[in-house]
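Below is one structure, written out as structure tokens, with a few remarks after it.
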Amino acid sequence: MKRRWFLVSVVLLPLLTNSKAKADGVTVRWDIIQFTSRNPPTFTAGGTASALAEDGSMITLTGSGTFTPGEDGEVTGGGTWVTQAPHGANTGSGTYHVTGLIKFDVAPGSVPSPPFVDLIGPAVKAHPGLAFLRIRYSDGSRGVLVVSCTFVGTPPTVFEGITASKDFIDYFMRVPGYFTLFHFISNED
């Protein structure tokens, strides 16, 4: 068993990270997804995801976009945001747009079997990973959006969902039950 993990970590992971995520002509699409059916599992773009701050304040985001790993200027996307106080009252809302890629890493994992119905792109091009994106909110504040996706076999150190910052507030506790996804798109797609 240890030998298999060694082979996966030494041989396969560098290939995934370098050849798929950093190859010329590859763009990564990220989405906060929504399930449209549970049997079979079917999803599309257009979902929401939430995260909590230390005091229980919450941010809820929608969103999707693209980036080219290693190319800070090659980003698109954004979505909507709503913030709430710990007691549930809305404290702000608007839109946001992505202004830059900080970092992206592919995570280990494989598509579940039987596979899900992916209405965004081919399931074979879906991957787990972790992205840090610079964002600007419509009220002028800035922040970082963290998009994290897990698959079957992804280590438990990786979470599913989002976290975000907005000025000095860090919504660092992801709320379970929300899902994200990455697709690798070549120029030929």
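What follows is calculated from the coordinates using simple rules that are stated; it is not laboratory data. These numbers come from a predicted model, not from an experiment. Neighbour counts are summed over all protein chains in view; Cβ atoms, including those assigned to glycine, are modelled from backbone coordinates with ideal geometry.
Given H placed on each backbone N at 1.01 Å, which residues far from residue 92 in sequence or on other chains put an amide H within less than 5 Å of it?
83
Which of 52, 181, 119, 101 comes first, and how do the rest follow, when ranked by fewest Cβ neighbours within 10 Å?
Ranked by crowding around the Cβ, least crowded first: 119, 52, 101, 181.
For residue 134 and residue 173, compute 0.36 nm times the residue count separating them, minus their Cα-Cα distance, and round to one decimal in nm.
Stretched fully, the residue 134-residue 173 segment lengthens by 12.2 nm.
Sort 124, 111 so that the residue with the fewest other Cβ atoms within 10 Å of its own Cβ comes first and the one with the most comes last.
With the sparsest Cβ surroundings first, the list reads 124, 111.
If we count other beta carbons within 10 Å of each Cβ, what is the order of 168, 182, 151, fewest first?
Ascending number of Cβ neighbours within 10 Å: 168, 151, 182.
Hand me the GluC sites (Glu not before Pro) from region 44-139 located in a DSSP loop with no more than 14 other Cβ atoms within 10 Å, in residue order please. Let's see the in-between values first.
Numbers: sites: 54, 71, 74; in loops: 54.
Loop-located and lightly packed - 54.
Amide H of residue 135 versus every other amide H placed in the peptide plane: which residues, excluding those fewer than 5 positions away on the same chain, fall under 5 Å?
Distant-sequence amide H within range of residue 135: 99, 143, 144, 145.
Label 7 Å along Cα→Cβ of residue 55; region 76-92 residues with amide nitrogen under 19 Å?
Residues 82-92 qualify, since their backbone N sits under 19 Å from the label point.
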